[in-house]
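Enquirer: Take a look at the following structure, please.
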Amino acid sequence: MQALSTTGEGKRRRWGAPEILKITAIVTVSENLVRGTGERLAKFAESMEIPFEFNSIVVSSLTEIDEAQFDLDPRETVAVFSEYALQGLVSEPNELEALMGVLKKISPSIMVVVESEVNLNSSNFARRFVEVLFHYGAYFDCLDACLESSCGYRDVIESMFLNKVTELLVKEGEERPRVVTIEVWRKFFGRFLMWEVGLSSSAMETVNLLLGRFVGGKCCTLDMDGRSLVVGWKGTPIFSISTWKFLH
């Protein structure tokens, strides 16, 4: 939004920037929580003088999704952003397949995927314990370096991580969450004829610029896995960022 607001109208037309910025959220949890997010985004867009529209598709299961629910205009350029959304569906293959099938039908120009870059699926408890220890240990070390202990957000984030650790270590069988790496997602997306695009040089420049602004930025490591960016903390992979297009 800030980039659009600081760009002249003539340039926006040449770039093919949208006349109105629309965000559609797929909701399977609290609609009120998502509605609150939409209201905050709308206020921010208004302050930037950007025409904005927020919609939500509320379903109890992703198998209920249909492309008609997105109410897309053929002239619209569609982009999909998925942050830690797909890993929760690994143990729900029917929902994952349904979601990907609909995304393919709406034919987005780009799909950006952010997922954890670790395999925490070992049936051996000792091995899984070590994997969880290193992965989430890096998260907590990062929080310690980047957030003051008095920061209220830190308590919330730490609670979320502790809940994840408990689920991964205590639950067994089908109840345990599944977390897979970009290598697994790459094979999965291949089934839907998706092509890994890779981040642009300008995007990488922005990433490095942002890291330079933070005290702990030097501890953040950036590596490439194919065309995907793997972000780590002191050498321990944390998450991957990949960009995809559907082949037709």
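The values are calculated or read from the model by the stated rules, or taken from the named source; none is laboratory data. Please read these numbers as outputs of a predicted model, since none were measured by experiment. Note: ideal-geometry Cβ built from the backbone for every residue, glycine included; neighbour counts use all protein chains shown.
Enquirer: Is region 139-150 home to any residue that is under 27 Å from residue 107 (Cβ atoms) and in a loop (DSSP other than H, G, I, E, B)? Even if it seems obvious, please write down each step before you answer.
Expert: Within region 139-150, the first condition is being under 27 Å from residue 107 (Cβ atoms), and the residues that meet it are none.
Scanning region 139-150 turns up no residue that is under 27 Å from residue 107 (Cβ atoms) and in a loop (DSSP other than H, G, I, E, B).
Enquirer: For region 56-73, what are the residues that are of a type in the set (A, V, I, L, M), under 18 Å from residue 96 (Cα atoms) and in a loop (DSSP other than H, G, I, E, B)?
Expert: If the condition is that a residue be of a type in the set (A, V, I, L, M), under 18 Å from residue 96 (Cα atoms) and in a loop (DSSP other than H, G, I, E, B), then 59, 65 are the ones that fit.
Enquirer: Can you find, within region 64-107, the residue that is farthest from residue 31 (Cα to Cα) among those that are of a type in the set (Ser, Thr, Tyr) and surrounded by 13 or more Cβ atoms within 10 Å (Cβ to Cβ)?
Expert: Quick first cut of region 64-107, residues of a type in the set (Ser, Thr, Tyr) only: 77, 82, 84, 91, 107.
After this cut, where a residue has to be surrounded by 13 or more Cβ atoms within 10 Å (Cβ to Cβ) as well, the list is 82, 91.
Numbers: 82: 18, 91: 23 Å.
The residue in question is 91.
Results for (1) touching a residue at least 60 places away in the same chain (Cβ under 8 Å); (2) closer than 17 Å to residue 112 by Cβ, shown as yes or no for each residue.
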position	(1), (2)
183	no, no
204	no, yes
218	no, no
232	yes, no
236	yes, no
240	yes, yes
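Enquirer: Still on this structure, please answer the following. Output the residue which, of all residues in region 151-191 that are assigned to a loop (DSSP other than H, G, I, E, B) and within 22 Å of the chain's Cα centre (by Cα), is surrounded by the most Cβ atoms within 10 Å (Cβ to Cβ). Before you say what the answer is, go through the steps one by one.
Expert: We begin by selecting, within region 151-191, every residue assigned to a loop (DSSP other than H, G, I, E, B); these are 151, 171-172, 176-181, 191.
From what's left, within 22 Å of the chain's Cα centre (by Cα): 176-181, 191.
Details: 176: 17, 177: 14, 178: 16, 179: 22, 180: 19, 181: 18, 191: 9.
Once the filter is applied, the top-ranked residue is 179.
Enquirer: Can I ask one more? Out of 53, 49, 76, which single residue is at pLDDT below 95 and part of a strand (DSSP E or B)? So that I can check it myself, show each step before the final result.
Expert: On the way: 49 fails: part of a strand (DSSP E or B); 76 fails: part of a strand (DSSP E or B).
Only one candidate passes the filter, namely 53.
Enquirer: Have a look at 91, 109 and point out the one that is farther than 30 Å from residue 164 by Cβ, of a type in the set (Ser, Thr, Tyr) and in contact (Cβ under 8 Å) with a residue 40 or more places away in the chain. Reasoning before the result, please.
Expert: Working: 91 fails: farther than 30 Å from residue 164 by Cβ.
Residue meeting the stated conditions: 109.
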